[in-house]
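Following: one structure in C-alpha cells, then a few remarks.
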Amino acid sequence: MPASWTEIATLKTTQGETPCPSSRNQQPPREIVTLEVQIEQALIELLDHDAEFIGSTRDHIVTSAVRLVFKKDYEFKRWLREQLGTQKARGNSEARNDAPGKAVKA
C-alpha cells in the first residue's frame, strides 16, 4: 500500500493512466510588450548564466523575477489597492455626475 498521495499518483501514471489536466491551470494568453532597460553588466552576465542553467531565456527570468518582487512586496500591494480604489471611487463619482437627468448633491 502506498504511503503518500505522491506515491499513489506515481503508481497511477506508471500503470498507464494519464493525469487529468486541470482547467484551473489554463490561463488566457497574456499580451507581451517590449521593454528596454539598462542594467549593470555583471547582472547581464548572471542573467545569461541563469538562462543557460535552466534552459530558458532572459525574458523568462526577468518576468519571473519581477512577478516575485510584486508577489512579496506587501506594502506595494496595499498602496496599489488604495490607488485603484481611489481611481474606482473617483470614476464612479464622475460617472454619477455626468449622468443625464440626475441631480447630484454636493
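Listed values, structure above:
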{"item": "Gyration tensor over alpha-carbon atoms, region 38-84, equivalent ellipsoid semi-axes in Å", "result": "28, 12, 8"}
{"item": "Among 71-79, 59-67, 36-44, the order from most to least packed when residues are scored by Cβ within 10 Å on average", "result": "59-67, 71-79, 36-44"}
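Readers should treat all values here as calculations from the given coordinates under stated rules, not as data from a laboratory. These figures come from a predicted structure and were not determined experimentally. Backbone-built Cβ (ideal geometry, glycine too); neighbour counts: all protein chains shown.
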